[in-house]
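The values are calculated or read from the model by the stated rules, or taken from the named source; none is laboratory data. None of these values were measured; they are calculated from a predicted model. For neighbour counting, all protein chains shown are included, and Cβ atoms are generated from backbone atoms with ideal geometry for every residue, glycine included.
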Amino acid sequence: MYEWQKQIQIFIDEIDKCIKNYNDEALTLQSLSRRLGYSEFYTTRKFREISGMQFRDYLRLRRLAFALKEVRDSEKSFLDIAFDYGFSSHEAFTRAFKRTYGVTPSEYRREPRPVVLRTKINTFDRYLLGFGEIGMMKSTDEIKVYFVTIPAHKFLHIKNYESNGYWDFWQKQSLIPGQDCDTICGLLDSIKGKLDDDGGIESNSSSGQIMAYMFDPEGRLCDWGIPRTECYGVRLPADYNGDVPPQMIMLDVPEAEYLVFEHGPFDYEQENRSVEEKIEEAMAAFDFTGTGYSYDTSPGRILYFYHDPERFWKYVRPVRRQME
């Protein structure tokens, strides 16, 4: 099963690459199966077994997810978008869009609102599967440490008082109706104007979604001996006035100062745990002497956690000025 999970992940990565490049010729079951070296029948059977979805359903929903962002963020005609994403006509695209999202493309462009997109499936993760790293640490990047002032903004999120870590967070959230990973990530991915969105759609991180830790007397004691709750969401402009999904919380975050610990791009399979250890060590060893600051763990302060191996891994920790 391990080898097939890896093979299907290659298959899934290629699907997104073809959709992104409007490469319909390569986006066929025959072409994708040939890349893996298996028959179409066997590949689709393994895809369904591992992903829990039919290949054709996954492909349709991923195409629509890419198309929705074009409807939302561009001025391209609906006919051009329809053809770009494999639909035979404007009418076919409109029917599929409304059946999936409950509104027509024109209604959505006029008034975007959160809808559940089909985010990219992740079938193969060395750490989730318990295999750890492969090879030796290759990155030579040191941890960059710097102070920043982050302007006032909003934080749209869900939170869990009992979870401990990313995987545990989603396992616990999956027990709450409407708060499973697919639903929440799909909703957040559809929201326009996210402050950390680099325009990506190939992973949740690249579309502005982040973990956060909120210092909270009702939360779980963390390794630092401070109660906190784990959160997952997106940062939005301070003047954002769009719809808030009923299962989410919108928080106004005032302008404040933070200390950032940042590592540059790294190889997730080979370096993830090592990079994490380097950042943890840097945070534990940081000397505030002469800076005039200290960590701020006051109730309500938020620590943002960015994990996007193609760009960086960083902790953005709240600080406060020390009294003279």
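At a glance:
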quantity	calculated
Criterion violated by L236 - all others in (1) within 18 Å of the chain's Cα centre (by Cα); (2) closer than 24 Å to W167 by Cβ satisfied	(2)
Lone qualifier among T100, T43, T94 - being modelled with pLDDT under 85, assigned to a helix (DSSP H, G or I) and surrounded by 14 or more Cβ atoms within 10 Å (Cβ to Cβ)	T43
Index of the failed condition, W167 passing every other in (1) touching a Leu at 6+ places or on another chain (Cβ under 8 Å); (2) in contact (Cβ under 8 Å) with a residue 60 or more places away in the chain; (3) surrounded by fewer than 15 Cβ atoms within 10 Å (Cβ to Cβ)	(2)
Residue list for segment 4-24, restricted to those being farther than 17 Å from F83 by Cα, of a type in the set (D, E, K, R) and buried (at least 16 other Cβ atoms within 10 Å of the Cβ)	E14
Segment 78-91 - residue that is part of a loop (DSSP other than H, G, I, E, B) and within 12 Å of I19 (Cβ to Cβ) and, of those, modelled with the highest pLDDT	Y85
Qualifying residue in segment 189-198 (condition: in contact with a Gly (Cβ under 7 Å, 6 or more places away or on another chain), at pLDDT below 90 and either among the aliphatic types (A, V, I, L, M) or surrounded by 14 or more Cβ atoms within 10 Å (Cβ to Cβ) (or both))	yes
Every residue from segment 241-271 that is part of a loop (DSSP other than H, G, I, E, B) and either surrounded by fewer than 19 Cβ atoms within 10 Å (Cβ to Cβ) or β-branched (V, I, T) (or both)	N241, G242, D243, V244, P246, Q247, P254, E255, G264, P265, D267
Any chance K69 is assigned by TED's automatic domain parsing to the domain that holds G52 and charged (D, E, K, R)	yes
Within segment 103-130, considering residues that are at pLDDT below 95 and polar (S, T, N, Q), the one nearest to C18 (Cα to Cα)	T119
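Residues checked against (1) closer than 24 Å to D196 by Cα; (2) among the polar types (S, T, N, Q):
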{"position": "D267", "(1), (2)": "yes, no"}
{"position": "N272", "(1), (2)": "yes, yes"}
{"position": "V275", "(1), (2)": "yes, no"}
{"position": "M283", "(1), (2)": "yes, no"}
{"position": "T289", "(1), (2)": "no, yes"}
{"position": "S294", "(1), (2)": "no, yes"}
{"position": "T297", "(1), (2)": "yes, yes"}
{"position": "L303", "(1), (2)": "yes, no"}
